[in-house]
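Working notes, structure below.
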Amino acid sequence: MRTIIAAPEDSALKETSSVERALSWLVRGKDPRASHAMLIPATLWLLCFLLLPVASLLAMSLATRGPYSSVIWTFTWANFARALDHKYLVIVLRTVGYALSTTGLCLILGFPMAYFLSFYAGKRRETLMILLMIPFWTSCLVAIYSWIIILGRAGLLNNTLLWLGVIKTPLLILNTPFSVILGLVYFYLPFMILPLFSSLEKIPRTYIEASYDLGAGTIETFVKVTLPLALPGVFAGCILTFVPCIGDFLTAEFLGGPKTYLIGNLVQNQFLMAQDWPFGAAVTSVLLLSLISGVYLYQRLESQELERA
Amino acid sequence: MPKQVTRREFLRLAVAGAASPWLLACASGEKERAVNFFNWSKYIGKDTLPGFTKATGIKVNYEEFADEQEMFAKLRSGARGYDLIIGSDYMIPSLKGPNIIDPFPPGVLKNLANIDAKFLNTPYDPDNAYTVPYLWGTTGIGYNKKHMPKPPTSWWDLWDEKYSGKVSMLDNARDCVSTGLLLKGYPETATDENAFKEVRELLVKQKPLVKQYSSTQYMDSLVAGELFMAMAWSGDVLQAARENPQLDYVIPKEGSYMWVDNLCLVRGSQHREDTLRLVDYLLEGPVGAEIANTVRYATPNAEAKKSLDKSLLKDPRVFPPAEITKRLNFHSLLEPDVQQIWTDTWEDVKAAG
Amino acid sequence: MTKNKGLASFCCLIYAFLYLPLAVMFVFSFNDARRNVVWKGFTFKWYGSLFHNAELLSALVTTLELAIAASLFASVLGLFASYAMTRHAPFKGRGVYASLMSVPLMMPEVVMGVGLLSFFVRAHIPLNFWTLAGAHAMIALPYTASSIRARLLSLKDSRLEDAAMDLGATEWEAFYKVTLPLAGPAIFSGALLAFTVSFEDFVTSFFIAGIGIVTMPIKIYSMMKFGVTPEINALACCLLLLTVVLLASQKLLVRKDATS
């Protein structure tokens, strides 16, 4: 840091002044234009790799499929009409159903866990949090592979049950809706626990003590003090679980069967197999628009809830 | 000052260090001799490509696909730079139509004469310009003798509720819809809506019994005993039978399909000369034999047959005798709009609840 | 206190659930059988064959190169963006930028994957290493930006830059010589997160990886799809170890940063 103290020499000042003045203008940030200039790289990046791709999807969803899976740029609503046709609506509803059950299960399993970590874990909290992060950062492909070993007809679970004499013939567990939801809960549980934990952490412990001091019981304190204060975490956790669930296709591909065809699989199929890009784009757009409106509604609801609380 | 210099120097070094492998790769990229080969999964010998690289010094970037539609999609989306692909007979019009493949320059392939004349000048490529036959095989039922003491004889066995949750179907329109049309008594070239409606109903009816739609994973499931029966390709089952001798393969009595897979040149390829050398190499007798011995499919290469395993050559499941061949047909060549109906029918089946 | 015990055992069950697949993977990586389901004896051979598998090693190199490039891009972009967001005087449109930065977090990856694929193909942009690295950097940007933002906000009150400028440094010098070194650990920890994001990414790579670009997750996917290979377990254990090391160093950095 010695160099800072030394006053800049005249020659150096002359040499770098114009460049350095510009840089200082950028860093100073009194001028809004400097702020915009500093944000330009990231914005351009997001424009090229996110906004334009999504826009091109939206545009393609209004185009027509040509022979040999080409795309013809004539305007049509037909792809959307087809995407909302009852046979595809079934897939949409199924996916939403799976995502909702996963979110619900994650909340039921995750809340007590986050509660324990925040209120009772004490000194071991940090270790426990790191232990939670490790499965979260493990490649989900690898976890899927392990679940196949565990759940298969001749897998660990069936073998154990057979050995214990609980069942006589192996159960069909893999390739069922059960195995898909199990996989989804496994992958997205940490997405639920982390925001729950951080919102529970923010609750001032004095509030809870005050509630006890005023004569409220454990349950009353939980319902009237802890839970309302943890709501932002609940909302964030639900969104963070629900959104990736809706787009998931790997879990259904490997752990699912014929009955667990989800939107993600449909989209993947349209782009990589059936080669109907306009229709695939329309399905993706429907997915995206419903997600955006869902998240928006949720945020509205959340802010209302928070105001009431 | 020294502290800053080192920091700045360090940054510069770090960036340069990180970038240099790519810069080197970019610089040498033009000189590198390589062929980008896109093939079916489990469809080549162990030593085939290393042998080629050893003999010629040309590197082969080898990628596999599990589904022809996937391959077609990757080619259509372009910009991927494949040089050599495998296309089944019925795919050739779709590959020729949008100009995905190029004809072979005449007279370059010295070993083309090794191919059995039966496989040349076929309906899908009358002048034999676009294709070089690679392997051929059949579609049928693979099953596990341990779980199926009475072997399946009919396609309808895949609809038998006794085996609910123990059967799998190939995951593509070509095999499932053609079988549906066959079972419903329609020709493969049918275009009327009723035919496809019936096929759709037939396949949807089977859906609760199907454990998985799969064109690759079924081999492992058969070996592991997860599946009792699977709609399958001949060589795949015979490959799996190496690991589980209980596996067997049968052509159903209603009949089925045979097909020839062909080597095709991708248009816009940057490595045409090296690609042709690879094709010629694959046509060599011993090389063709090594491939067929590994993958257990039939070879159209007369020269290769000479050095084939005797057991393979005599195996009726690989080279079906006349009484089975009369039940086998080649897939019809469909117009793009009919093909679309097939795709949509299959998509409906997969989407059904 | 009874409730505490009940909760504790519930948590143990959840941890057991989360670690069951990892444990299975670890145990079976030493299983001397090609089929994974039956235990046939202890072996190290899958680890041995891992290091002789040229395809896997080249996939590892590709994945590392990608992750380095993506984390480099994401850190630089994240640094500029979060500096302007935290240190500059409030300006019009800051909220828009803030929500823009978080969009990648809220977007299902499959949407980004097909969007990027259709955009690149339609715009005739070749699918190569750099397009994939750019996409990874986009996905990782929210992670680097939030890591750096947190640090810059906590530095705001220290007024060290003011002190530097009082001593005659220009704003740029104050930024370069004071802010940057102080934010260094946060930048590095953000870069580590970005590295992990890119290293683990499957969906986006699956859609837009060009020919010859086979990353580790893509390799694992095709190994799973084209048949059981017992090497997967050994490979997964090695990758897990790498992830643990990366995460532990990131955590250590954050803690050191917080105490200094």
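The values are calculated or read from the model by the stated rules, or taken from the named source; none is laboratory data. Nothing here was measured: the structure is a model prediction, and the numbers come from that model. Neighbour counts run over all protein chains shown; Cβ positions are idealised from the backbone, glycine included.
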- Task: Among what's in segment A:116-169 and is of a type in the set (Gly, Ala, Ser) and in a loop (DSSP other than H, G, I, E, B), pick the residue that is farthest from the other protein chains (Cβ to nearest Cβ).
- Result: A:GLY165
- Is it true that some residue in segment A:283-303 is crowded, with 24+ Cβ neighbours inside 10 Å and either in contact (Cβ under 8 Å) with a residue 60 or more places away in the chain or in a helix (DSSP H, G or I) (or both)? yes
- Task: Assess whether A:GLY280 counts as being within 30 Å of B:GLU226 (Cβ to Cβ) and within 13 Å of chain C (Cβ to nearest Cβ).
- Result: no
- Selection status of A:PHE254, more than 27 Å from A:LEU141 (Cα to Cα), out of contact with any Phe, Trp or Tyr (no Cβ under 6 Å at 6 or more places or on another chain) and at pLDDT 90 or above: no
- Query: Among the residues of segment C:95-123, which ones are farther than 15 Å from A:LEU47 by Cβ, more than 7 Å from every other protein chain (Cβ to nearest Cβ) and surrounded by fewer than 18 Cβ atoms within 10 Å (Cβ to Cβ)?
  - Reply: C:GLY95, C:ALA98, C:SER102, C:LEU105
- Query: Is it the case that C:VAL178 is part of a helix (DSSP H, G or I) and either basic (Lys, Arg) or over 19 Å from the mean Cα position of the chain (by Cα) (or both)?
  - Reply: yes
- Yes or no: A:TYR120 assigned by TED's automatic domain parsing to the domain that holds A:PHE242 and modelled with pLDDT under 90? yes
- Has segment B:196-219 got at least one residue that is at negative phi, modelled with pLDDT of 95 or more, among the acidic types (Asp, Glu) and outside any loop (DSSP other than H, G, I, E, B)? yes
- When every residue in segment B:50-89 that is in contact with a strand residue (DSSP E or B) (Cβ under 7 Å, 6 or more places away or on another chain) and hydroxyl-bearing (Ser, Thr, Tyr) is compared, the one farthest from the other protein chains (Cβ to nearest Cβ) is B:SER88
- Item | Selection from segment C:124-135 of residues that are buried (at least 18 other Cβ atoms within 10 Å of the Cβ), more than 9 Å from chain A (Cβ to nearest Cβ) and of a type outside the set (S, T, N, Q) | C:LEU127, C:PHE129, C:LEU132, C:ALA133
- Among (1) surrounded by 14 or more Cβ atoms within 10 Å (Cβ to Cβ); (2) at the interface with chain C (Cβ under 9 Å from one of its Cβ atoms), which single condition is A:THR76 missing? (2)
- Task: Could you check segment C:1-90 for helices (runs of 4 or more DSSP H) lying wholly inside it with 3 or more residues that are facing chain A (nearest Cβ under 10 Å) and surrounded by 14 or more Cβ atoms within 10 Å (Cβ to Cβ)?
- Result: C:2-28, C:54-87
- Output for segment B:280-336, where each listed residue is among the β-branched types (Val, Ile, Thr), under 25 Å from B:ARG174 (Cβ atoms) and more than 18 Å from the chain's Cα centre (by Cα): B:ILE324, B:THR325
- Sole exception among (1) out of contact with any strand residue (DSSP E or B) (no Cβ under 7 Å at 6 or more places or on another chain); (2) more than 8 Å from chain A (Cβ to nearest Cβ) for C:ILE211, by number: (1)
- If only one of B:TYR134, B:TYR218 is out of contact with any Phe, Trp or Tyr (no Cβ under 9 Å at 6 or more places or on another chain), surrounded by 23 or more Cβ atoms within 10 Å (Cβ to Cβ) and more than 10 Å from every other protein chain (Cβ to nearest Cβ), which one is it? B:TYR218
